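Remarks on the structure that follows.
FYI, it's all coordinate maths here, none of it is from the lab. What you see is a predicted model, and the numbers here were worked out from it, not measured in a lab. So basically every Cβ, Gly included, is an ideal-geometry build from the backbone, and we count neighbours across all protein chains shown.
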Amino acid sequence: MNKLFIASLLLLPITSTAGGTENPMRAGLWEITTTSNLLNFASQIPPDQMDNLNALAKEYGFEMPSIQNGAAKTSTCITPEMASHKVVPDSFQTPAGCNVKSVTRNGSSYHAEYVCDNPQIKGNGIADGTFTSMESFTGRTVFNGTVQGTPINETADISGKWLDASCGDTKPVQQ
């Protein structure tokens, strides 16, 4: 279960800055909420195992998100330059080793296909979503593959909302 759980967490950055609207998304601090069946198990993980998961997440270059009631919340900083692009930011090229293979847009909707190919995670997925305004979006990701040799088929629902023009201490997504 821990392998599947950490895979769910490692794939969060893939969806955390989905962009690509006809109108640019608003620059600044965004809160991204991801819900999935695997995240429902977070409360059942003993503290020592959660410490191990935190350490593993840091090895992949990110902090564990706040997880409550099956939802993980992360903060993401979008720079004005990133917001003005009409393509999905390069954050799909995450520490999890995933890369975008294709991106399509239709008005305020986006569709991206990505592939993960490294010793820990192998597989592919899609991310679909819609910007309801420059300050909010909803979407869904699907990933099929293996994590450390264990098969995984995970779906996650994503929502994002703009919080503030200033990112404060939150650093921009690496591009």
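Here are the numbers for this structure:
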{"item": "Potential extension, Ala165-Ile45 segment - 0.36 nm per residue separation minus Cα distance", "result": "39.6 nm"}
{"item": "Two-site FRET efficiency, Ser84 against Asp117, from Cβ-Cβ distance with R₀ of 22 Å, rounded to 0.05", "result": "0.10"}
{"item": "Segment Thr130-Asn153, extension gain: residue separation times 0.36 nm, minus the distance between their alpha carbons", "result": "6.0 nm"}
